[in-house]
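I have placed the structure first, in the form of structure tokens, so that the comments after it can refer back to it.
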Amino acid sequence: MNQHRSSSSFLTAWVRDLTVSLLIAALVILFIYQPVQVEGTSMMPALVDQERIFINKFTYKFGIEKIKRGDLVVFWFPGEPNHSYIKRVIGLPGDQVKIERGVVYVNGQRLQEDYVPAEYRDQVSMAEHRVRGDYYFVLGDHRSSSSDSRAWGPVHRAQIYGKAVFVYWPPDKMGPLR
């Protein structure tokens, strides 16, 4: 009789622990880190088509971290709110952004963009533009292959729902994003 009670309590404890573990994992994925697959080449070389990354949905939502220039943000595309994009923040609310033959200037200062290799630059120019309050000017790192704020304007803060933080697939690229 003792052995039956012992195996029954073991099974009950195991099911309880598994249920709690799955609940915690679901909460983490739903509210904090979400796995996503990169689609397209607009963020090369930082992100490549079909890579898998984690985005942090918690940090911006609860004001733990402010959106900064250089952050890789994930947002609902302004023209199609069912599609999400990932781009790099270039201009913050109130900034003046202009592009001269592919060189980006923010508030009159040339932006150092080590993350954009020469072969991914373009020669596109854009007149100076002031980023309105609660909006962010975003660009893809692969400038000659990116649809971004140059084409459809800045992204409203309410559309930004995450920060890309970590590549987990393929294994040879595993690590934090910069």
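The values are calculated or read from the model by the stated rules, or taken from the named source; none is laboratory data. Since the structure is predicted, the reported quantities are computational estimates derived from the model, not experimental observations. Here the Cβ is made from the backbone with ideal geometry for all residues, glycine too, and neighbour counts use every protein chain on show. For the accessible areas, the whole protein counts, side chains as well, though only heavy atoms, and no ligand, DNA or RNA atoms are used. Shrake-Rupley method; radii C 1.70, N 1.55, O 1.52, S 1.80 Å.
In this structure the amide hydrogen of SER84, modeled in the peptide plane, comes within under 5 Å of the amide hydrogens of PHE77, none closer than 5 places in sequence on its chain. Accessible surface comparison of HIS156, HIS83, probe 1.4 Å, protein chains only, largest first: the order is HIS83, HIS156. Scalar couplings 3J(HN,Hα) for the range 154-169, obtained by applying the Karplus form with A = 6.51, B = -1.76, C = 1.60 to θ = phi - 60°, are x, 9, 6, 3, 5, 7, 7, 10, x, 10, 6, 10, 8, 8, 10, 8 Hz; x denotes Gly and Pro. When +1 charges are put on Lys and Arg Cβ atoms and -1 charges on Asp and Glu Cβ atoms, the dipole computed for the chain relative to its Cα centre reaches about 500 debye.
Please work out the FRET efficiency for the pair LEU18 and PHE58, using the Cβ-Cβ distance as r and a Förster radius of 30 Å; give the result to the nearest 0.05.
0.75
Can you classify the chain as rounded, prolate or oblate using the Cα gyration tensor, where a ≥ b ≥ c are the square roots of its eigenvalues, rounded means a/c under 1.5, and otherwise it's prolate if a/b beats b/c and oblate if not? Judged from the Cα gyration tensor, the chain comes out prolate (a/c at least 1.5, a/b above b/c). Amide H to amide H distances under 5 Å link ASP71 with VAL89, where only residues 5 or more positions off or on other chains count and H is placed in the peptide plane.
For the listed residue pairs LYS68/LYS173; LYS57/LYS87; LYS66/LYS87, the alpha carbons are over 22 angstrom apart in LYS68/LYS173. Working note: Karplus 6.51/-1.76/1.60 with θ = phi - 60° gives the range 33-47 the couplings 10, 10, x, 9, 9, 6, 10, x, 10, 5, 10, 5, x, 4, 10 Hz, where Gly and Pro are set to x. 3J(HN,Hα) couplings calculated from phi for the range 93-102 with the Karplus curve 6.51 cos²θ - 1.76 cosθ + 1.60 (θ = phi - 60°) are, in sequence order, x, x, 6, 9, 10, 9, 10, 10, 6, x Hz; Gly and Pro show x.
GNM on the chain, alpha-carbon springs under 10 angstrom: the most fluctuating residue among ILE64, ILE53, ILE32 is ILE64. Label sites at ARG130 and LYS66, each approximated as a point 7 angstrom past Cα along Cα to Cβ, lie 1.9 nm apart. Summed over the residues of the chain and divided among them, the accessible surface reaches 60 Å² per residue at a probe radius of 1.4 Å. Carbon-plus-sulfur accessible fraction, the chain (probe radius 1.4 Å, protein heavy atoms only): 58%.
Under 5 Å from the amide H of TYR161 lie the amide H atoms of VAL74, PHE75, TRP76, each residue being 5 or more positions distant or on a separate chain, with H modelled from the backbone and absent for Pro and chain starts.
The distance linking the range 144-178 with the range 16-87 is 9 Å (Cα centroid to Cα centroid, whole angstrom). Of the trypsin sites (Lys or Arg not before Pro) in the range 40-101, the ones in a loop by DSSP (not H, G, I, E or B) with at most 11 other beta carbons within 10 Å are LYS66, LYS68, ARG101.
Given R₀ = 35 Å, FRET efficiency for ALA26-ARG110 by Cβ-Cβ distance, to 0.05? The computed FRET efficiency comes out at 0.15.
For the chain, what does the helix formula give at 222 nm: sum of -39500 (n - 2.57) over DSSP H segments with n ≥ 4, over the residue count, nearest 500 deg cm²/dmol?
The per-residue figure over the chain is -6500 deg cm²/dmol.
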